[in-house]
1. Between S148 and L244, take the C-beta separation as r, use R0 = 60 Å, and let me know the FRET efficiency to the nearest 0.05.
2. Have a look at Q295, T225, P89 and report the one farthest towards the positive end of the charge dipole of the chain, computed about the Cα centre with Cβ charges (Lys/Arg +1, Asp/Glu -1).
3. Could you report the stretch 33-154's accessible area per residue, 1.4 Å probe, as an integer in Å²?
4. Taking the Cα-to-Cβ direction at Q13 and at E138 and moving 7 Å from each Cα, how far apart do the two end points lie in nm?
5. What Cys residues in the chain are without a partner cysteine, judged by a Cβ distance under 4.7 Å?
6. Tally up the carbon and sulfur contribution to the accessible surface of the chain as a whole percent, 1.4 Å probe, everything protein left in place.
7. Would you mind checking which residues have amide H under 5 Å from G399's amide H? H placed 1.01 Å from N; only 5 or more apart, or other chain.
8. Mean Kyte-Doolittle of at least 1.0 plus a Cα span of 30 Å or more along the axis: flag which DSSP H helices in the chain meet both, please.
Amino acid sequence: MKLFPYGHATHPQWRMAAGLVLAQLRAQMALHGYASSPGLGLLYITDHYSAQAQDILDFLGAELPEITDWAGTVGIGIASNNVEYFDEPALAVMLCELPSDQYRVFSGVSPLPPTGASHFQAHTALVHADAGTPDVAELIAEMAQRTSSGYVFGGLTSSRSKAVQFALSGSGNVKGQGAAGGVFSGGLSGVAFAQGAGLMSRVTQGCQPVSPEHEITACDANVVTELDGQSALEVMLTDLGVSLDAPREALEKVRTTLVGLRSADALQDGRIRRPGQFGADVLVRHIIGLDPARQGVAIAEVPSPGMTLAFCERNVEAARADLVRICAEIREELEPEELTLEVASALSASEAESAPHPARRIAGAVYISCAGRGGPHFGAPSAELQIVRRALGDVPLVGFFAGGEIARHNLYGYTGVLTVFTAPE
């Protein structure tokens with residue numbers, strides 16, 4: 001598998017940005033080691049370009065007629081290798097060279113069939129979803145059931161204007177596309193991949209627990225009323241070290257506190273947990289209110305008795321360390337144990353001299369992070385993507401900053417989901 005060509009640019013005029021991206025893509029396609037005959041394009045734009053989404057897709061499709069399939073969406077910010085574009089007009093494209101029978105674009109007008117219902121068997125899928133879609137979490141879980149692995153990855157569109165998704169197939173393997181033009185609003189869309197496509201995915205958390213884990217022993221809808229058999233409100237106040245006798249101080253603390261939920265099944269998965277950090281089996285949710293009458297804590301999720309809950313807060317150092325960890329895990333699993341001198345020299349080059357290299361066995365990557373992590377959260381503009389590059393290596397990468405992140409069959413918050421296309425040894 002060769003490296004996937006990719007490009008990114010910002011400009012007040014979308015046509016100028018698209019031209020800059022096309023120049024990067026064409027230059028790479030002419031280089032040895034890069035894919036010269038890609039068929040799938042991943043396209044991400046910031047919401048500054050939402051109104052021009054159809055024009056952008058039409059322009060790129062006309063300029064790159066060899067790309068028969070397109071998928072992507074809009075975000076408040078978008079990502080590429082070593083850079084993020086946050087709150088500015090920008091677009092990023094990656095061209096993937098995969099056998100046409102190894103992937104399928106899907107959308108609301110052409111949904112992914114259930115497992116076993118067609119000749120194409122989805123192993124996993126990149127999913128873009130509209131946050132305004134009713135029961136979106138349930139739809140994501142149902143989508144995961146349509147894959148043989150039960151694992152999907154992606155994110156919710158994030159936009160201050162029109163929330164759009166790209167899903168277009170010109171290869172004839174998607175029926176019902178009609179005259180939709182490939183730009184959609186609402187529902188789910190994306191790309192499903194067969195098992196032979198070769199993908200590896202990891203989730204990185206952005207929050208750190210500030211309390212022990214408690215068992216939820218009673219709840220009413222989204223209000224947790226008992227933790228470890230005690231009043232949930234009292235347990236929370238004790239864990240946070242505040243009192244309702246000082247309401248202003250208590251409310252300020254509660255506003256910066258979230259909850260991490262873990263299902264009863266996940267407790268028995270045998271996974272080794274790192275002290276002071278959440279694993280990928282924890283779902284972080286907002287505290288949306290207090291219920292003194294029931295001595296309860298209202299959260300943005302409907303839990304069930306038997307789950308565990310820990311109070312947590314966003315923590316930059318924990319997020320940075322966990323991001324480095326997942327990148328290191330991927331590198332260690334993919335890089336060969338023995339390297340030639342030439343390859344070792346290329347992979348150990350300084351950041352200024354480094355370039356994507358086939359020896360990493362990563363043809364391309366998709367990184368989807370929470371919009372709340374973008375911008376200055378990691379300390380400086382593009383700091384999060386710079387961490388990815390330093391830890392994972394210099395690889396083709398695109399992605400966006402989402403209103404919620406998708407991994408496995410769950411909808412996460414304040415996380416990053418890194419997925420790489422892997423090449424065989």
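The values are calculated or read from the model by the stated rules, or taken from the named source; none is laboratory data. Source: prediction; values computed, not measured. With ideal geometry, Cβ positions are generated from the backbone for all residues, glycine too; neighbour counts draw on all protein chains shown. To get the accessible areas, we keep the full protein, side chains included, count just its heavy atoms, and leave off ligands, DNA and RNA. Shrake-Rupley method; radii C 1.70, N 1.55, O 1.52, S 1.80 Å.
1. 0.75
2. Looking along the dipole axis, the top candidate is P89.
3. Result: 33 Å² of accessible area for each residue.
4. So the two model labels end up 4.9 nm from each other.
5. For the chain, the answer is C96, C219, C327, C370, because their Cβ atoms have no other cysteine Cβ under 4.7 Å.
6. Ligands and nucleic acids excluded, carbon and sulfur give 53 percent.
7. Here the answer is A79, Y367, since their amide H atoms fall under 5 Å of that of G399.
8. Working: long enough: none.
Result, helices passing both filters: zero.
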